[in-house]
Amino acid sequence: MTPESVINFGQQALYIAMLIGAPLLLTALAVGLIIGMVQAATQINEQTLSFIPKLIAMSLVLVVAGPWMLHTLVQYTQQLIENLPASAR
């Protein structure tokens, strides 16, 4: 296995991790920002108030984007397993 193939596998893994994590992270960011703006406007300074809306929103995104995330991860894993013997030469 050459250093170039190891670096390529690592780059692909980081890219897939970014793709899979992005929907959940962006949802948490958006909901947190909206809740923060509402808290600032109403002057409610409760730190635990944003937890339940974030949990609900992230659960909905996971239900909607979950099949795509699983398909992407399985496809990457299959590609990795298929390409490992070729890169070992």
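Where a number appears in this text, it was derived from the coordinates with a stated rule and is not lab data. Since the model is a prediction, treat every value here as computed from it, not as a measurement. Neighbour counts run over all protein chains shown; Cβ positions are idealised from the backbone, glycine included.
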**Q.** Rounded to 10°, Cα long-axis angle of helix 51-87 versus longest principal axis of the chain
**A.** 10 degrees
Q: Please give the length that would be gained between residue 11 and residue 83 if that part of the chain were fully extended, namely 0.36 nm times their separation in residues minus their C-alpha to C-alpha distance (nm, one decimal).
A: 24.5 nm
**Q.** Rg/Rh for the chain, where both radii come from Cα atoms and Rh is the Kirkwood radius
**A.** 1.23
Q. Using a simple spin-label model with points 7 Å from Cα along the Cα→Cβ vector, what separation in nm is obtained for residue 62 and residue 26?
A. 1.9 nm
Q) What ranking do 70, 80 get, fewest neighbouring Cβ atoms within 10 angstrom at the top? A) 70, 80
